[in-house]
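The values are calculated or read from the model by the stated rules, or taken from the named source; none is laboratory data. All values derive from a computational prediction rather than experimental measurement. We place every Cβ from the backbone using ideal geometry, glycine too, and count neighbours over all the protein chains shown. Side chains included, ligands, DNA and RNA excluded: accessible areas come from the protein's heavy atoms. Shrake-Rupley method; radii C 1.70, N 1.55, O 1.52, S 1.80 Å.
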Amino acid sequence: MTIRVLIADDQAMIRGGLRMILEHQQDIAVVAEAADGLTAIDLARRLRPDVSLVDIRMPGADGLEVTRALAGPGVADPLRVVVVTTFDLDEYVYGAIRGGATGFLLKDAGPALLVEAVRAAHAGDALISPSVTVRLLRSMAVPATPAKAAKPLTDRETDVVRSIARGRTNLEVAAELFISLSTVKSHVSGIQTKLGLRNRVEIAAWAWEHGVVTGPC
């Protein structure tokens with residue numbers, strides 16, 4: 001199956017570079033480009049790409065506005081958005097996550113991580129640049145606040161939450177906990193339902209905010 005990607009960035013050179021990297025992969029095709037946020041929103045809603053790569057700073061509507069419009073809490077049928085930016089600022093990462101993004105990638109992360117982020121988003125996983133992951137999630141941590149859920153998490157679900165919060169993919173969670181990939185996916189779905197969250201990034205943020213996971217990754 002080909003992963004259909006939309007690229008939104010106000011710099012033509014950046015869009016061209018991202019397109020070249022992605023279309024070198026047999027399973028990825030760029031279906032549209034946008035030079036501003038409003039065009040990105042329109043194209044994404046009409047074409048419904050599998051993954052939208054969105055820059056933070058764009059005219060018309062910035063990347064955070066685009067993310068909220070396509071994947072935010074009020075969107076009935078959200079799209080998968082990965083924010084790709086030069087700016088390693090906590091406010092941007094936090095805003096992207098709260099806006100519904102399934103990934104946050106720095107432009108200097110390299111071609112391999114870009115491709116991995118697209119594939120992860122398409123598979124329902126999430127990827128945040130390693131250089132910002134731990135710093136960001138720890139900044140959200142409020143250990144004194146007890147973790148609460150509409151329905152209590154089981155011990156195994158809590159183990160899965162901790163692994164996700166430490167940046168593990170579904171495959172890595174399965175290997176770490178000695179369970180099957182399908183079981184991990186089932187747990188993730190159940191966790192999202194219990195916590196009222198929509199993706200793995202929100203699960204990770206919830207875990208750090210509520211002190212479910214602490215210490216090194």
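Shape analysis of region 55-128 based on the Cα gyration tensor places the equivalent ellipsoid semi-axes at 18, 16, 10 Å, largest first.
Alpha-carbon geometry of region 1-64: the Rg and the Dmax are 11.1, 33 Å, given in that order.
Amide H contacts under 5 Å for Val84: Val54, Asp55, Ile56, Leu105, restricted to partners 5 or more places along the chain or on a different chain, H placed in the peptide plane at 1.01 Å from N.
Summarising the overall dimensions of region 1-111 from its C-alpha atoms, the Rg and Dmax are 12.6, 35 angstrom. Rounded to the nearest whole Å², what accessible area per residue is found for the chain with the 1.4 Å probe? Heavy-atom SASA per residue in the chain reads 46 Å². Name the residue from Ala29, Leu64, Thr154 whose Cα lies farthest towards the positive end of the charge dipole of the chain, charges +1 on Cβ of Lys and Arg and -1 on Cβ of Asp and Glu. The Cα lying farthest towards the positive end belongs to Thr154. Per residue of the chain, the DSSP helices (runs of n ≥ 4 H) give a summed -39500 (n - 2.57) that works out to -15000 deg cm²/dmol at 222 nm. With viscosity 1.306 mPa s and temperature 10 °C, the Kirkwood radius over alpha carbon pairs of region 173-217 converts through Stokes-Einstein to a diffusion coefficient of 139 µm²/s.
Close amide H pairs (under 5 Å, H built 1.01 Å from N) link Val30 with Val5, residues at least 5 positions away or on another chain. Loop-resident chymotrypsin sites (Phe, Trp or Tyr not before Pro) (DSSP state other than H, G, I, E or B) in region 1-98 with no more than 15 further Cβ atoms inside 10 Å of their Cβ: Phe87.
Basic side chains Lys and Arg get +1 at the Cβ, acidic Asp and Glu get -1 at the Cβ, and with that the dipole of the chain about its Cα centre reaches some 600 debye. Each 5 Å bin from zero holds the following percent of Cα-Cα pairs in the chain: 1, 8, 16, 19, 20, 16, 11, 7, 3, 0. Take the alpha carbon atoms of region 25-104, find their center, do the same for region 154-217, and report the distance between the two centers in whole angstrom. Between the Cα centres of region 25-104 and region 154-217 lies a distance of 24 Å.
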